[in-house]
Amino acid sequence: MVLDSADYQKPLLHSELAESSLKRTGLPSLSFAFFLDDDDDDDDLISLSFEGRISIWICYICPLAMLLFASVTLLATFLLCNCYRTPDPEYGPGRNRSYLDAVGVNLGTRNAWACSFLIHIGLYGTAIAYTVTSGISMRAIQKSNCYHEEGHEAACEFSDTYYMLIFGIVQIVLSQAPDFHNLQSLSVIAAIMSFAYAFIGFGLGLTKVVGDGYVKGSITGVSTSTGIEKMWLIFQAIGDIAFAYPYSLILIEIQDTLKAPPPENQTMKTASTIAITITTIFYLLCGGFGYAAFGDNTPGNLLTGFGFYEPYWLVNLANACIVIHLVGGFQVYSQPVFFNVEKWLCEMFPSSEFLNKEFTLKVPLMPALRLNLLRLCFRTVYVVTATAIAMIFPYFNQVLGTIGAVIFWPLTIYFPVEMYIKQMNIEAWTKKWVLLRIFSFVCCLVTIMALVGSIEGLVSAKLS
C-alpha cells in the first residue's frame, strides 16, 4: 500500500517507504539494551515494581495478573514487529521509521491522526512520570544521608521540587542530541543501572524479611476502610502494571536502528522476549518481597522505605542507579517526539533559516557542538513544561496509573491488532479474526477500569 501525496502533508505523519540512506549499525545487544532501558524503566517495569505499592499488592495476591500483562504485551509486540517493513515483514523494500508511519501506511490517514495524538500524549506523559520519579529518588538519597548523620529520630523531611529542577536542566542539555543513533551508549548505561537497582532492591527486601523473621501484609492486600476504596485501588494497580509495559511507543524507532541481516523483526522479537521475561521475573520478586517487607506501609518508591537501614550507602547507590536510568529513559521516550515535530515544521517551512540552519559552537577542550535554533527552543520548552507539570502533580502511583491506562489499549493492543489484520489480509468472521477482536475487546474493558481508578486516585490525591 502506498500513501497518496496528500498523506505527506498531514502533521506528524511521515512515512519513508523507500530505503533510507541512513547507515544502520545497531546490534541485537543494543536493541536489548534499549528494551531494558524502556521496559525496565518507567517506573518502568523494574522501577515500577519497586515503586508501586498497589502494584505490589496485586502482584502479591495474583502473580497471574502480571504474567497475563506480560503475555498480552509480548503477543502485541510480535504483531507490531512485523509492521516495520512493507509489504513483506522481513524483506519488504519499504521501511516505516516510526510507529506512526506504520499506522499511516496500513490503516490510513484518519487512524494516523488518532495514533499521533495518543503517541505524543503517552511519550510526553512518560517524560513527566520520569521527572517525578527522579525527584523522589534524589530526595531519598538526601533523606538517607540525614538519618545516617542525625539519627533516626531526626526530622528529615525534604521537598523533591529542587531535584526535579536539576533533572530538568540535565535533560535540556541531553535533548540536543539529534536522534536515537546518538544515544546508544546512554541506553546501554541505563540498562546496566536497571539491573543494579533491581538486584539491590530485591536483596534489601529479602534481607529485611529474613531479619524480621516474618512476612508483613496479608492475603487481602492493602487495608482499606470500604470496599469501594479497595476497588479503586485495584483499578489503579491495573493501570500501574499497564504502565510497566509501554515500549510499543518506541519499538519501531528502536527497530529502525538495527542492521540486517538477520531481518529486523526477528531481532526485535528475540530482544523483546528476553527483556519482558527478565523484567517480569524482577517485577514479581521485587513486588512480592517489597510487600512482604513493609506490608501496608510499603512506600510508593520501595527504596525510600529503607532510609533507616544500613548500609545507607547501598540504598543511596540503588537510588542513584534509578536516577541515571531515568536520565537515559527520558531521552529514549522524548526523541521520537522531537523527531516528529521538528520534521513536520521543517517540511511546512522549508525556507526558514530558524528551522533548518545549523550552527557550530566551539567549547574549549570539547568537540564542536552542532546546534539548531528550532531544536534548542522546542526541546527546551518541552523539558521545561514536563518538569513544571511534574512539580504540580508529584503523585507517583496515580500519575503512572493514569498514563498507563490512557495508552495501553490503543497503542499496545488496538493498532497492532488492526495492522496485523490488514497486512495479513485476514477475512472478517474467520476464526483468527474473531479471536483477535475478542482479545482487543477484553483488553479495552480492562483499560477502561484502570483509567477510571487512576483518575479517581489522582483527583483524590490532589484534593487531599
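Numbers for the structure displayed
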read-out	value
Some residue of the stretch 84-106 being open to solvent by less than 50 Å² (accessible area, probe 1.4 Å), at pLDDT 85 or above, small (Gly, Ala, Ser) and over 19 Å from the mean Cα position of the chain (by Cα)	yes
Pair list, Cβ < 6 Å and 6+ apart or interchain, from the stretch 440-464 residues that are under 12 Å from GLY404 (Cβ atoms) to residues that are modelled with pLDDT of 85 or more and open to solvent by 50 Å² or more (accessible area, probe 1.4 Å)	THR447/TRP409
Single unsatisfied condition, SER134 versus (1) among the hydroxyl-bearing types (Ser, Thr, Tyr); (2) open to solvent by 10 Å² or more (accessible area, probe 1.4 Å); (3) touching a residue at least 60 places away in the same chain (Cβ under 8 Å)	(2)
Residue list for the stretch 232-273, filter: outside any helix (DSSP H, G or I) and over 21 Å from SER194 (Cα atoms)	ASP256, THR257, LEU258, LYS259, ALA260, PRO261, PRO262, PRO263
Close pairs from the stretch 406-434: first farther than 12 Å from ALA242 by Cα, partner of a type in the set (Phe, Trp, Tyr) and part of a helix (DSSP H, G or I), Cβ under 8 Å, at least 6 apart	PHE415/TYR99; VAL417/PHE439; ILE421/TRP433; ILE426/TYR420; ILE426/TRP433; GLU427/TRP433
Complete set of residues in the stretch 115-131 that are open to solvent by 40 Å² or more (accessible area, probe 1.4 Å) and out of contact with any Phe, Trp or Tyr (no Cβ under 9 Å at 6 or more places or on another chain)	PHE117, ILE121
Filter result (at pLDDT 80 or above, among the small types (Gly, Ala, Ser) and within 25 Å of ILE121 (Cα to Cα)) within the stretch 245-303	SER272, ALA275
Looking only at the stretch 178-208, and only at residues there that are open to solvent by less than 20 Å² (accessible area, probe 1.4 Å) and among the aliphatic types (A, V, I, L, M), the one that is modelled with the highest pLDDT	ALA198
Options TRP313, TRP344; residue that is modelled with pLDDT of 80 or more, open to solvent by 10 Å² or more (accessible area, probe 1.4 Å), under 18 Å from THR207 (Cα atoms) and not aliphatic (A, V, I, L, M)	TRP313
Wholly enclosed helices (runs of 4 or more DSSP H) of the stretch 394-464 bearing at least 3 residues more than 24 Å from ILE252 (Cβ to Cβ) and among the hydrophobic types (A, V, I, L, M, F, W, C)	431-463
Some residue of the stretch 120-134 being touching a Lys or Arg at 6+ places or on another chain (Cβ under 8 Å) and over 18 Å from PHE339 (Cβ atoms)	no
Residue match in the stretch 146-169 (condition: among the small types (Gly, Ala, Ser), surrounded by fewer than 22 Cβ atoms within 10 Å (Cβ to Cβ), modelled with pLDDT of 90 or more and part of a helix (DSSP H, G or I))	no
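The values are calculated or read from the model by the stated rules, or taken from the named source; none is laboratory data. Values in this document were obtained by computation on a predicted structure and should not be read as measured data. Positions of Cβ are backbone-derived with ideal geometry, glycine not excepted, and every protein chain shown enters the neighbour counts. When the accessible area is computed, the model is the full protein with side chains, heavy atoms only, and any ligands, DNA or RNA have been set aside. Shrake-Rupley method; radii C 1.70, N 1.55, O 1.52, S 1.80 Å.
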